[in-house]
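A short write-up of the structure that comes next.
The values are calculated or read from the model by the stated rules, or taken from the named source; none is laboratory data. These numbers were taken from a predicted model, which means no experiment stands behind them. All Cβ positions, glycine included, derive from the backbone under ideal geometry; neighbour counts span all protein chains shown.
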Amino acid sequence: MDAPPNSTVRSIPIQEREAPVPDNAGDVAQKQLENEARERALEVAKLEQQKLAAERLRQAELMADVQREAARQEQLRQEAARQENDRAEAARKEALRQEQVRQAQLESARQEQLRQEAARAEQVARNEALRQEAERQALARQEELRREQAKLDEKVRQEAARQAQERAELARTETARKAEAQRQEQLKQAQLEAARQAQQQEVARQDEIKQAAARQEAAKQEAARLEQAKREQVQLEKARQEAEREERLRAIGRQLNEEAAQRDAALKNPSKSLLPTVSGQRRGWLFGRADPNVDLVQYAEAMSKKFELNMAFDMVREVVKQRHVSPMVTVAIRADGSVEKVTFVVSSGVPSIDDAIRKVITSYAPYGAFPPAIARQYDVIEIRRTWIFDTAIRLQ
């Protein structure tokens, strides 16, 4: 804004009044004041123009700042939109990846199920092959024993025939020699010894008849004695088998009584019971070869084959030569295939045989972890079998 010129003019006289001015200098002073006023007005105008230029420059800078801010805001908005698009794309890709992972897991589970089914089928086929192989080997062993027995019988028969033939040959030779001696003697004393020879022949015939009768009687007595001994042996064998059967029945009765007493004790005082049924573990039992749980039967058969098909019999070959009863043994197996305990329901009656059975059972452990179907039901399974020893170990 321009300052009013008269305001400057008024201030000048006030200042001039402070000092006396000569009268002839009034015009000069007036002109000088007017010049100064004009100069001041020009300076003020120049200052106003500079202010206006500065204001315009400031407004231009502010407008540039506003434009730059708007551009920055637009860039930020575009960056935010781009980031939002990136996040949406990343979320879509993550969802797609998770779906692919889920599909892969489903496929893996399906493949695992197929593998387990194939493994189960292969195990069943393997068990069947093992069973057939065991039957074939048993039949082969029986056939081999039968052939060996037939060979022994044939050798005995041939030896008996040979000895009989030798005795007959000796008898013929001796008879021929005696006949030749008698013939020579008869030729020498045909006339003198005719009567005596006839008498001697008669006596010899009578003696031979008596000796033959004596031999026949002795043979009859020997046959009767052998028959009596055979009957006595059969009776002794029957008595022994009956005693063994009675002993097994008594042992089973004692075991059943003990188990009943333990169950009663468990019901009366569960905290002090030693029965496995009152423990915190899930237990299963297999006391025979038949059971509705096919997986349990297959696991028990696989465990039995480890004794029957391997060289386990070498560990008991010598001790089982002692007279014993067939032991009944219960083996408790944990889920990892390890042996929890070995219990003799019926002892063999020979401590060394019982110890050898324990050694066989522990030496062939572990027996393989439970299949999933069994592991879902039990922590421990107890398998009871009767052990038979002949040319191998057989579990019934």
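For residue 228, the test of being assigned to a helix (DSSP H, G or I), at pLDDT below 80 and over 45 Å from the mean Cα position of the chain (by Cα) is failed. Summed over segment 319-336, the residues that are in contact with a Ser or Thr (Cβ under 9 Å, 6 or more places away or on another chain) and either assigned to a helix (DSSP H, G or I) or charged (D, E, K, R) (or both) give a count of 2.
Has segment 108-124 got at least one residue that is of a type outside the set (A, V, I, L, M, F, W, C), touching an Asp or Glu at 6+ places or on another chain (Cβ under 9 Å) and surrounded by 10 or more Cβ atoms within 10 Å (Cβ to Cβ)? Yes, there is a match, as at least one residue in segment 108-124 is of a type outside the set (A, V, I, L, M, F, W, C), touching an Asp or Glu at 6+ places or on another chain (Cβ under 9 Å) and surrounded by 10 or more Cβ atoms within 10 Å (Cβ to Cβ). Any residue at all in segment 337-351 that is part of a helix (DSSP H, G or I) and out of contact with any Cys (no Cβ under 6 Å at 6 or more places or on another chain)? Scanning segment 337-351 turns up at least one residue that is part of a helix (DSSP H, G or I) and out of contact with any Cys (no Cβ under 6 Å at 6 or more places or on another chain). What do you reckon, is residue 84 within 49 Å of the chain's Cα centre (by Cα) and surrounded by 10 or more Cβ atoms within 10 Å (Cβ to Cβ)? The answer is no for residue 84.
A count restricted to segment 301-324 and to residues that are more than 22 Å from residue 131 (Cα to Cα) and touching a strand residue (DSSP E or B) at 6+ places or on another chain (Cβ under 7 Å) stands at 2. Go through segment 330-365 and give me each residue that's at pLDDT 90 or above and among the aromatic types (Phe, Trp, Tyr). The answer is 344, and nothing else. For residue 367, are the conditions met, namely being buried (at least 19 other Cβ atoms within 10 Å of the Cβ), touching a Lys or Arg at 6+ places or on another chain (Cβ under 6 Å) and either part of a loop (DSSP other than H, G, I, E, B) or not assigned by TED's automatic domain parsing to the domain that holds residue 294 (or both)? Spelling it out, it is not the case that residue 367 is buried (at least 19 other Cβ atoms within 10 Å of the Cβ), touching a Lys or Arg at 6+ places or on another chain (Cβ under 6 Å) and either part of a loop (DSSP other than H, G, I, E, B) or not assigned by TED's automatic domain parsing to the domain that holds residue 294 (or both).
Listed here are the residues, each with its yes/no results for (1) at pLDDT below 80; (2) closer than 25 Å to residue 354 by Cβ; (3) outside any strand (DSSP E or B); (4) outside the structural domain of residue 390 (by TED's automatic domain parsing).
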residue: 235; (1), (2), (3), (4): no, no, yes, yes
residue: 290; (1), (2), (3), (4): yes, no, yes, no
residue: 295; (1), (2), (3), (4): no, no, yes, no
residue: 299; (1), (2), (3), (4): no, yes, yes, no
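Checking 116, 111, 103, 149 one by one, the residue that is touching a residue at least 60 places away in the same chain (Cβ under 8 Å), polar (S, T, N, Q) and over 18 Å from residue 308 (Cα atoms) is 116 and no other.
Yes/no per residue for (1) of a type in the set (A, V, I, L, M); (2) in a helix (DSSP H, G or I); (3) touching a residue at least 12 places away in the same chain (Cβ under 8 Å); (4) closer than 30 Å to residue 294 by Cβ:
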| position | (1), (2), (3), (4) |
| --- | --- |
| 122 | no, yes, no, yes |
| 132 | no, yes, no, yes |
| 155 | no, yes, no, no |
| 158 | no, yes, no, no |
| 181 | yes, yes, no, no |
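Screening the candidates 170, 192 for the property of being farther than 30 Å from residue 395 by Cβ, exposed (fewer than 10 other Cβ atoms within 10 Å of the Cβ), more than 60 Å from the chain's Cα centre (by Cα) and not assigned by TED's automatic domain parsing to the domain that holds residue 294 yields one hit, 192.
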